[in-house]
Amino acid sequence: MLGRHILGMTDFDADELRSVLSLAERMKSGDDTHSYLTGTDLGLLFHVPSTRTRVSFQVAAAQLGGRSYTYGPEELRLANNETVEDTAGVLSRYLSALVIRWYDMADYGAGHRRLHTMAEHSSIPVINALDDEEHPCQVLADLLTLRERFGDELPRKRVVYTWAYSSRQKTPGVLHSSLLAAALLGHHVTFAHPPGFELDERYVKEAQTLAAASGARLDFVEDMAEAVRGSDAVYVQSWKSLRLPGQHECQARTRLADRWRVTEPVMALAAPGAPFLDCMPSNRGEEMDAEVKDGPRSLIFDQAENRLHAQKALLAQVIGSAPSTASASADSASGDSASGDSASGDRAAR
């Protein structure tokens, strides 16, 4: 994986995903404390604000012996219309890798295309830290959290990803990356959403192709209660409609507010002890009730912490020459189906 761009989940194959997660586990436990990034310089370009992603990458670089530098577009000549192509070429001469968060909720797909353009004109690895289509770094942390909870039983568990109301539009990036990761690893996932809030059909079709090879099961339903009933984990995330324009989308979300929120009665439909996950930021009383977000089932701060460990492992393999394959015993312990080890890896066509 050394030197590779990570723009989406299919920039990994299944074995590489397991390798990153296994290394993250060793780093978190203290079994691997190697300074993989000594002498490296990591650039962090954030077109929109960030808490978890920004701080976790800064700390990850420092803990691995590297340095990090954070920029907003208004601090660079991007603010004066210098092209992203020239910006990528210049930053490549100074940095070891570039982490980018870029999206515009009013122009779905523009951020994803911009990341690809910068990667095409960059001689250093570019890592997607959330655009309008994918969020691979968050999903690595989510997978690490689920592995910690379920161990080698994870492929036999059913994880529900449910849409929920938010007063703020959010990208479907987490959902698209979660869908592809499940398809690669042979997991069983259910996606629940109201009519009009379907995921991008391109990602659904790609995931279905991958699932045919890995044995993954991907279900889509339009009823939250139906999805959650009997599930082994419940993950809440709001995302904007890709079908409804402007004000119509806002009105539709508002009408759904009372019916699409994770409450204690909703969680009671899940299997006993089923954990609750949420990548944050989120608002109590919108996506979920406070009793759920702050309750004993909630793993939200484990997810937040695991951003650090997952990104340390990713950086170590992409720019730090860490071992790129996990041992057979580590892969066995991961609990992921070994059959889903092929991926297209080509996101540039999108």
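The values are calculated or read from the model by the stated rules, or taken from the named source; none is laboratory data. Just so you know, these numbers come straight off a predicted model, no measurement behind them. Cβ atoms come from the backbone with ideal geometry, glycine included; neighbour counts cover every protein chain shown. Ligands, DNA and RNA are excluded from the accessible area calculation, which covers all protein heavy atoms including side chains. Shrake-Rupley method; radii C 1.70, N 1.55, O 1.52, S 1.80 Å.
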Cβ-Cβ under 9 Å pairs, at least 6 apart or on other chains, segment 164-186 side within 24 Å of ALA212 (Cβ to Cβ) and in a loop (DSSP other than H, G, I, E, B), far side among the hydroxyl-bearing types (Ser, Thr, Tyr) and open to solvent by less than 10 Å² (accessible area, probe 1.4 Å): PRO172/TYR203; GLY186/SER214
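This table checks each residue for (1) open to solvent by 70 Å² or more (accessible area, probe 1.4 Å); (2) of a type outside the set (Asp, Glu); (3) at pLDDT below 95; (4) touching a strand residue (DSSP E or B) at 6+ places or on another chain (Cβ under 9 Å).
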site	(1), (2), (3), (4)
GLY273	no, yes, no, no
PHE276	no, yes, no, yes
LEU308	no, yes, no, no
ALA316	no, yes, no, no
ASP331	no, no, yes, no
SER339	no, yes, yes, no
ALA348	no, yes, yes, no
Count - residues of segment 120-142 that are open to solvent by 10 Å² or more (accessible area, probe 1.4 Å) and either at pLDDT below 95 or not in a loop (DSSP other than H, G, I, E, B) (or both): 1
Matching residues in segment 50-106 - criterion: being under 29 Å from LYS240 (Cα atoms), β-branched (Val, Ile, Thr) and touching a residue at least 12 places away in the same chain (Cβ under 8 Å): THR51, THR53, THR70, VAL84, VAL99, ILE100
Hits in segment 232-245 - residues which are of a type outside the set (Gly, Ala, Ser) and not in a loop (DSSP other than H, G, I, E, B): VAL234, TYR235, VAL236
Segments classed as helices (runs of 4 or more DSSP H), wholly inside segment 246-324, with at least 2 members that are basic (Lys, Arg) and within 30 Å of LEU7 (Cα to Cα): 300-318
Unique match (being hydrophobic (A, V, I, L, M, F, W, C), closer than 30 Å to GLU249 by Cβ, within 23 Å of the chain's Cα centre (by Cα) and part of a strand (DSSP E or B)) among LEU98, LEU45: LEU45
Among the residues listed as ALA252, ALA257, the single one being over 22 Å from TYR203 (Cα atoms), open to solvent by less than 30 Å² (accessible area, probe 1.4 Å), without any contact (Cβ under 8 Å) to a residue 60 or more places away in the chain and not polar (S, T, N, Q): ALA252
Residue satisfying condition, being over 19 Å from the mean Cα position of the chain (by Cα) and open to solvent by less than 20 Å² (accessible area, probe 1.4 Å), within set GLY89, GLY72, GLY111: GLY72
Scan of segment 207-224 for residues that are touching a helix residue (DSSP H, G or I) at 6+ places or on another chain (Cβ under 7 Å) and either in a helix (DSSP H, G or I) or crowded, with 22+ Cβ neighbours inside 10 Å (or both), ordered by number: ALA207, LEU210, ALA211, SER214, ALA216, MET224
Condition broken by VAL266, with the remaining ones in (1) within 19 Å of ALA225 (Cβ to Cβ); (2) among the β-branched types (Val, Ile, Thr); (3) loosely packed, with under 15 Cβ neighbours inside 10 Å satisfied: (3)
Long-range neighbours under 7 Å by Cβ, at least six apart or interchain, first residue more than 15 Å from LEU64 (Cβ to Cβ) and free of Cβ contacts under 8 Å to residues at least 60 places away in the same chain within segment 18-34, second of a type in the set (Phe, Trp, Tyr) and surrounded by fewer than 24 Cβ atoms within 10 Å (Cβ to Cβ): none
Among residues of segment 218-237, those that are touching a residue at least 40 places away in the same chain (Cβ under 8 Å) and more than 18 Å from the chain's Cα centre (by Cα), counted: 8
From the options ASP294, ASP289, residue that is out of contact with any helix residue (DSSP H, G or I) (no Cβ under 8 Å at 6 or more places or on another chain) and farther than 23 Å from SER178 by Cα: ASP294
